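Asks: Dumping the structure here so I can ask a few things about it.
The values are calculated or read from the model by the stated rules, or taken from the named source; none is laboratory data. Predicted, not measured: the structure shown is a model, and the values here were computed from it. Here Cβ is always computed from backbone atoms with ideal geometry, including for glycine, and neighbour counts include all displayed protein chains. In case anyone asks, the SASA skips ligands and DNA or RNA and just uses the protein heavy atoms, side chains included. Shrake-Rupley method; radii C 1.70, N 1.55, O 1.52, S 1.80 Å.
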Amino acid sequence: MGNKVATFTEEQLEDYQDCTFFTRKEILRIHKRFREMGDPGVVPRTMTPQEAANLCLPLSNLEKIPELKENPFRERISEVFTKYRDPGFSTEEGICFEEFLEMMSVFSEQAPRDLKVFYAFKIYDFDEDGVLGMADLERTCRQLVRGGLTAEEVSTICQKVLEESDIDGDGALSYLEFEHVITRAPDFLATFHIRI
């Protein structure tokens, strides 16, 4: 039958299944994608829990994923999924396998809409103040249109978004107001997705 190399221990696989929306087979496929993102030999075929949490690939390697390569929010997505490391976690720049697995889980078809909305809000909240203010909306719009509109046009669009969506009139979108807007976007789930 040949020698089969175990990528993770049974305990690791069970833990990853418990905290993601993936099967064992999908977790192994994601590990393969992670290995392919790195230079040859950088990511080992078998990963200890310490390696899975500490061995980081440069964030620029995320552009090897077709869905992220042209995504105007690629840098912000990588910031969101690597920013909140536990104390004692790797201080190395980049994304480790466990962060990559979490990101892929959130962007999977199996992830619930509520989780996707939560992360979309975090991605668009550039100043991380808990609301989407005018500066966040303008930056989001500029990234989406990539220089295709003037500053005045971007400002006008963002004012209109606030007029229609800012229910409490405080000049910013709260999480609940953002969630209300997203529930009216029929293609949100289809676009907030990465295939494995």
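Asks: Could you tell me which of the pairs LYS64/LYS116; LYS25/LYS122; LYS32/LYS69; LYS83/LYS116; LYS25/LYS64 are separated by over 25 angstrom between their Cα atoms in the structure shown?
Replies: Over 25 Å Cα-Cα: LYS25/LYS122.
Asks: May I have the extent of the alpha carbons of the stretch 21-156 along their three principal axes, as whole Å values ordered from largest to smallest?
Replies: Per principal axis, max minus min of the Cα coordinates gives 53, 30, 28 Å.
Asks: Accessible area per residue for the chain in Å², computed with a 1.4 Å probe and the full protein assembly in place, what is it? Could you put the intermediate results ahead of the total?
Replies: Numbers: 11380 Å² over 196 residues.
On a per-residue basis, 58 Å².
Asks: On to the next question. Which of the listed residues, HIS180, GLN143, THR23, is farthest toward the dipole's positive end in the chain, when Lys, Arg count +1 and Asp, Glu count -1 at the beta-carbon?
Replies: In the chain, that residue is THR23.
Asks: Among rounded, prolate and oblate, which fits the stretch 131-193 when a ≥ b ≥ c are the square roots of the eigenvalues of its C-alpha gyration tensor, a/c under 1.5 means rounded, and a/b larger than b/c means prolate?
Replies: Working: a/c = 2.08, a/b = 1.11, b/c = 1.88.
Oblate, since a/c reaches 1.5 and b/c is not below a/b.
Asks: Still on this structure: With the full set of protein chains in place, find how many percent of the accessible area of the chain is carbon and sulfur; take the probe as 1.4 Å. Don't skip to the answer; put the middle values down first.
Replies: Values: 5900 of 11380 Å².
Its accessible area is 52 percent carbon and sulfur atoms.
Asks: How big is the stretch 1-67 by Rg and Dmax over its Cα atoms, in Å?
Replies: Values for the stretch 1-67 (Cα only, Rg and Dmax): 12.6, 39 Å.
Asks: Further question: Test of understanding: what is the full-extension gain from ARG45 to LEU176, defined as 0.36 nm times their sequence separation minus their Cα-Cα distance?
Replies: On the way: separation 131, 0.36 × 131 = 47.16 nm, distance 4.28 nm.
So the chain would gain 42.9 nm between ARG45 and LEU176.
Asks: About its Cα centre, how strong a charge dipole does the chain have in debye, to the nearest 20, once Lys and Arg get +1 and Asp and Glu get -1 at the Cβ? Show your work: numbers first, answer last.
Replies: Values: 23 positive and 38 negative charges, 242 e Å.
For the chain, the charge dipole is close to 1160 debye.
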